[in-house]
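To start, the structure under review is shown below, and the notes come after it.
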Amino acid sequence: MFTDHRLIAFETIIIKEVRRFMRIWTQTMLPPVITISLYFVIFGNLVGSRIGEMGGFRYMEFIVPGLIMMAVIQNSYSNVVSSFFSQKFQRSVEELLVAPIPNYVILSGFIAGGMARGLCVGFIVTLVSLFFADLPLYSPVITISVVLFTSLVFSLGGFINAVFANNFDDVSIIPTFVLTPLIYLGGVFYSIELLPPFWQLVSRLNPIFYMVNTFRYGILGTSDIDVAWAFAMLVLFAVLLFGACIWLLRRGTGIRS
Amino acid sequence: MTVAISVDKLEKTYASGVVALKGVSLEVEQGDFFALLGPNGAGKSTFIGILSTLVRRTDGDVRIFGRNVDTHVYRTKLDLGVVPQEINFSQFEKVGDIVMTQAGYYGLPRKLAAQRTEKYLKQLGLWEKRDTRSRLLSGGMKRRMMIARALVHEPRLLILDEPTAGVDIELRRSMWDFLLEINRAGTTIVLTTHYLEEAEQLCRNIAIIDEGRIIEDTSMKKLLLELDTHAYILDAEADLDLDLRHDEPGLSLRKVDSHSIEAVLSGGRDINSAIAVLDRLGIRIVSMRNKANRLEQLFLSRLRASENGGD
């Protein structure tokens with residue numbers, strides 16, 4: 001009986017989350033697609049034609065996987081952080097907290113919502129990218145699994161941000177000052193082989209570097225890193241962040257007094 | 001009789017150091033319509049917050065229908081419906097979606113959730129507004145929507161934290177009728193309100209909380225019987241230029257304005273003795289009303305006694 005209750009509650013949270021980001025699609029779906037399309041045009045087409053090849057591929061083909069991943073990361077993260085924080089802000093999170101829903105179901109619902117938006121935007125951006133480049137899809141299994149894990153990890157990150165956020169500034173600080181630099185320095189636009197050894201080492205400390213390169217490997221079959229190691233890191237991050245989120249929910253941090 | 005709420009030595013100290021509850025013990029019987037009264041900051045909302053798990057208690061034991069809220073989390077939550085004091089729904093969602101979503105949180109299958117949503121939105125006069133964004137509702141409609149939302153899973157215990165605040169008198173009375181109806185159907189109701197007339201009209205039992213302590217826990221009937229002073233305002237037919245002096249014990253008369261007299265009765269005197277005295281004085285009374293709500297007089301006297309450290 002309780003299993004049914006939990007499934008219905010989980011489904012309800014997902015429906016609510018998807019309904020939310022579809023309702024405000026001009027804020028959630030359209031801007032990232034336009035922004036990434038501009039990257040394709042400016043960096044891929046205009047600048048890329050002067051750069052030539054990178055990693056054995058046309059520059060446009062080289063940056064497409066990173067830009068798709070950038071869209072997935074940013075949208076998975078921002079969906080959960082903005083949705084959960086706005087529910088805290090409007091106190092509608094209380095609807096969830098008084099209901100007989102276990103913490104892991106609440107968390108899974110929000111995470112699934114974040115992944116849904118990240119994957120939707122990623123899919124649209126992938127379709128747009130096909131106007132600019134051919135994507136050979138070297139390994140569909142690696143491509144799909146890395147994109148799923150990445151959206152999972154950043155949805156969990158967004159949830160932790162939302163739990164600690166006390167105002168709207170707190171919601172935008174991490175994406176602006178942490179996430180964006182990590183993405184840009186995570187090998188989206190270049191191969192780390194171009195960097196001096198010290199900066200190659202620094203780049204390897206950036207978790208996004210592993211995600212971008214693994215995804216690039218799944219599509220193009222080329223990577224700066226060991227794919228198995230990258231997957232191990234992704235799974236480790238997912239487990240640690242999930243555990244942290246459950247611990248925060250159990251403590252009631254930011255949501256119960 | 002089964003006990004719907006059993007609270008023992010409940011304590012709450014917030015992180016800020018504010019002590020909101022100081023050993024509150026209370027029982028509410030199943031099927032009761034129970035009033036929890038107290039001034040602002042007395043601890044009412046903290047008490048309700050603890051029952052609904054939104055506030056973590058510092059110490060004490062809480063049981064809902066005999067089940068410990070710590071060990072039977074899901075069952076006790078299923079038994080409970082809460083209408084909070086503050087608006088706590090998404091302002092951007094449609095009325096029907098908000099109620100349907102809440103039904104889903106309680107595990108109601110979609111078809112049943114839709115039936116219940118329709119049932120309660122209709123009963124609370126909001127069915128026509130089901131596709132309206134909630135921010136566009138009036139204050140009274142928002143309150144009623146929160147009641148519909150709390151009832152959608154048909155809880156055995158409904159807690160209402162000032163449900164009629166800011167609601168006009170006509171609507172308030174229709175909400176009273178609705179609440180009495182669901183109480184008669186078996187739902188236990190706990191109500192906090194600032195409208196003492198509301199508590200007097202609706203509730204059978206009452207507790208008064210002040211500074212985190214229960215200072216009165218009794219039946220409404222018993223409490224009102226304790227009131228030995230009644231004040232009335234009597235409206236006279238003609239201008240009052242007569243002398244109001246009299247020798248009737250337990251009756252005090254005072255001219256309020258050119259047409260009104262305040263009559264204070266004590267020692268078991270009833271209003272007939274006041275009217276008889278006024279008749280002897282040649283004053284004809286055409287209408288009368290209570291000077292203040294009876295429960296209000298008692299409430300204030302209990303609070304004053306509590307502040308003075310005695311009862």
Residue A:64 at pLDDT 85 or above, closer than 23 Å to residue A:163 by Cβ, assigned to a helix (DSSP H, G or I) and among the hydrophobic types (A, V, I, L, M, F, W, C): no
Scan of the range A:96-137 for residues that are without any contact (Cβ under 8 Å) to a residue 24 or more places away in the chain and within 14 Å of chain B (Cβ to nearest Cβ), ordered by number: A:98
Tally of residues being open to solvent by 20 Å² or more (accessible area, probe 1.4 Å), polar (S, T, N, Q) and out of contact with any Ser or Thr (no Cβ under 7 Å at 6 or more places or on another chain) across the range B:58-83: 2
Helices (runs of 4 or more DSSP H) wholly inside the range A:176-236 that include at least 2 residues being farther than 26 Å from residue A:81 by Cβ and of a type outside the set (Ser, Thr, Tyr): A:197-203, A:207-220
Test for residue A:98: is it surrounded by 21 or more Cβ atoms within 10 Å (Cβ to Cβ) and touching a strand residue (DSSP E or B) at 6+ places or on another chain (Cβ under 6 Å): yes
Residue in the range A:1-36 that is surrounded by the most Cβ atoms within 10 Å (Cβ to Cβ), counting only those that are at the interface with chain B (Cβ under 10 Å from one of its Cβ atoms) and charged (D, E, K, R): A:16
Residue in the range A:207-226 that is exposed (fewer than 14 other Cβ atoms within 10 Å of the Cβ) and under 20 Å from the mean Cα position of the chain (by Cα) present: no
Counted residues, the range A:234-257 - those being over 18 Å from residue A:76 (Cα atoms), surrounded by 18 or more Cβ atoms within 10 Å (Cβ to Cβ) and within 20 Å of the chain's Cα centre (by Cα): 0
Complete set of residues in the range B:241-259 that are surrounded by 13 or more Cβ atoms within 10 Å (Cβ to Cβ) and either in contact with an Asp or Glu (Cβ under 8 Å, 6 or more places away or on another chain) or without any contact (Cβ under 8 Å) to a residue 24 or more places away in the chain (or both): B:250, B:252, B:253, B:255, B:256, B:259
Flag if residue B:91 is within 9 Å of another protein chain (Cβ to nearest Cβ), over 20 Å from residue A:105 (Cβ atoms) and either of a type in the set (S, T, N, Q) or in contact with a helix residue (DSSP H, G or I) (Cβ under 6 Å, 6 or more places away or on another chain) (or both): yes
Only listed residue being among the polar types (S, T, N, Q) and buried (at least 18 other Cβ atoms within 10 Å of the Cβ), chosen from B:25, B:16, B:45: B:45
Strands (runs of 3 or more DSSP E) contained entirely in the range B:215-311, each with at least 1 residues that are at pLDDT below 85 and more than 30 Å from residue B:33 (Cβ to Cβ): B:229-236, B:251-257, B:260-266
Scope the range B:94-109; condition under 18 Å from residue B:155 (Cα atoms) and facing chain A (nearest Cβ under 9 Å); matching residues: B:98, B:100, B:101, B:102, B:103, B:104, B:105, B:106, B:107, B:108, B:109
Any hit, the range B:161-184, residues being assigned to a loop (DSSP other than H, G, I, E, B), in the same structural domain as residue B:33 (by TED's automatic domain parsing) and aromatic (Phe, Trp, Tyr): no
Residue pairs meeting the criteria (Cβ under 8 Å; at least 6 apart or on separate chains; first more than 14 Å from every other protein chain (Cβ to nearest Cβ) and assigned to a strand (DSSP E or B), in the range B:1-25; second surrounded by fewer than 22 Cβ atoms within 10 Å (Cβ to Cβ) and among the hydroxyl-bearing types (Ser, Thr, Tyr)): B:7/B:25; B:8/B:25; B:9/B:25; B:10/B:25; B:11/B:58
Scan of the range B:94-126 for residues that are part of a loop (DSSP other than H, G, I, E, B) and among the hydroxyl-bearing types (Ser, Thr, Tyr), ordered by number: B:106
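The values are calculated or read from the model by the stated rules, or taken from the named source; none is laboratory data. For clarity, every value in this text was computed on a predicted model and none was experimentally measured. Please note: Cβ atoms are built from the backbone with ideal geometry, for glycine as well, and neighbour counts cover all protein chains shown. To get the accessible areas, we keep the full protein, side chains included, count just its heavy atoms, and leave off ligands, DNA and RNA. Shrake-Rupley method; radii C 1.70, N 1.55, O 1.52, S 1.80 Å.
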